[in-house]
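Structure first, then comments.
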Amino acid sequence: MKNDLKPIAILIAEDDEEDRMLVRDALVESRLANNIHFVEDGEQLLDYLYNRGNYQDKILHPRPGLILLDLNMPKMDGREALKEIKKEEDIRTIPIVVLTTSQAEEDILKTYDLGINSFITKPVTFVALVDIMKTLKKYWFEIVELPRNVVKEHD
């Protein structure tokens, strides 16, 4: 994305520790220099977006310019969190890319209906994950133009 402001933060909602490590490594390998933040379930995702609880410090936990969302998480899954995000005017414009193991047509249709921007099934190899992250980098941070309110900091 062409943006003269601070680097855009990426928020990744993923409950599996190994998957978080693989995604982080793939982002580094794809040379995506953005700030990367992780949450482990839908409740933490909403807390992060509203700077509640452990995420009150807006400098340590900036508004993300992109959310990578796993669907199958404990407490509140990605589908439930997505419904909540898209209801809220302040955060519904943040682009959301589902990155999940699900290939279910129902999940694809439902999440697009709820307002996601893309649906990606997690690949089985690290090399393929790096390729996906390179593509995400090019598309979301070099090609796409987003409204300014997506990348502005919280008030």
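Test residue 119 against the stated conditions and say whether it is at pLDDT below 90 and under 15 Å from the mean Cα position of the chain (by Cα). Here the answer is no, as residue 119 does not meet what is asked. A search for C-beta distances below 6 Å between a residue of segment 9-38 that is among the aromatic types (Phe, Trp, Tyr) and any residue that is open to solvent by less than 10 Å² (accessible area, probe 1.4 Å) and in a strand (DSSP E or B), counting only pairs 6+ apart in sequence or on different chains, returns 38/12.
Might you let me know whether segment 26-35 holds any residue that is under 28 Å from residue 125 (Cα atoms), in contact with a Lys or Arg (Cβ under 7 Å, 6 or more places away or on another chain) and modelled with pLDDT under 90? The answer is yes, given that some residue of segment 26-35 is under 28 Å from residue 125 (Cα atoms), in contact with a Lys or Arg (Cβ under 7 Å, 6 or more places away or on another chain) and modelled with pLDDT under 90. Among the residues of segment 51-97, just one is in contact (Cβ under 8 Å) with a residue 24 or more places away in the chain and hydroxyl-bearing (Ser, Thr, Tyr), namely 93. The listed residues are 45, 109, 66, 71, and the only one of them that is open to solvent by 10 Å² or more (accessible area, probe 1.4 Å) and modelled with pLDDT of 90 or more turns out to be 109. I'd like to check something: does segment 102-109 contain any residue that is touching a residue at least 40 places away in the same chain (Cβ under 8 Å) and β-branched (Val, Ile, Thr)? Looking for residues that are touching a residue at least 40 places away in the same chain (Cβ under 8 Å) and β-branched (Val, Ile, Thr), one finds none in segment 102-109, hence no.
The values are calculated or read from the model by the stated rules, or taken from the named source; none is laboratory data. The shown structure was predicted, so the numbers you read here are calculated from the model rather than taken from an experiment. Note that we place each Cβ from the backbone using ideal geometry, even for glycine, and neighbour counts take in every protein chain shown. Accessible surface is based on the protein model in full, side chains and every heavy atom, while ligands, DNA and RNA are left aside. Shrake-Rupley method; radii C 1.70, N 1.55, O 1.52, S 1.80 Å.
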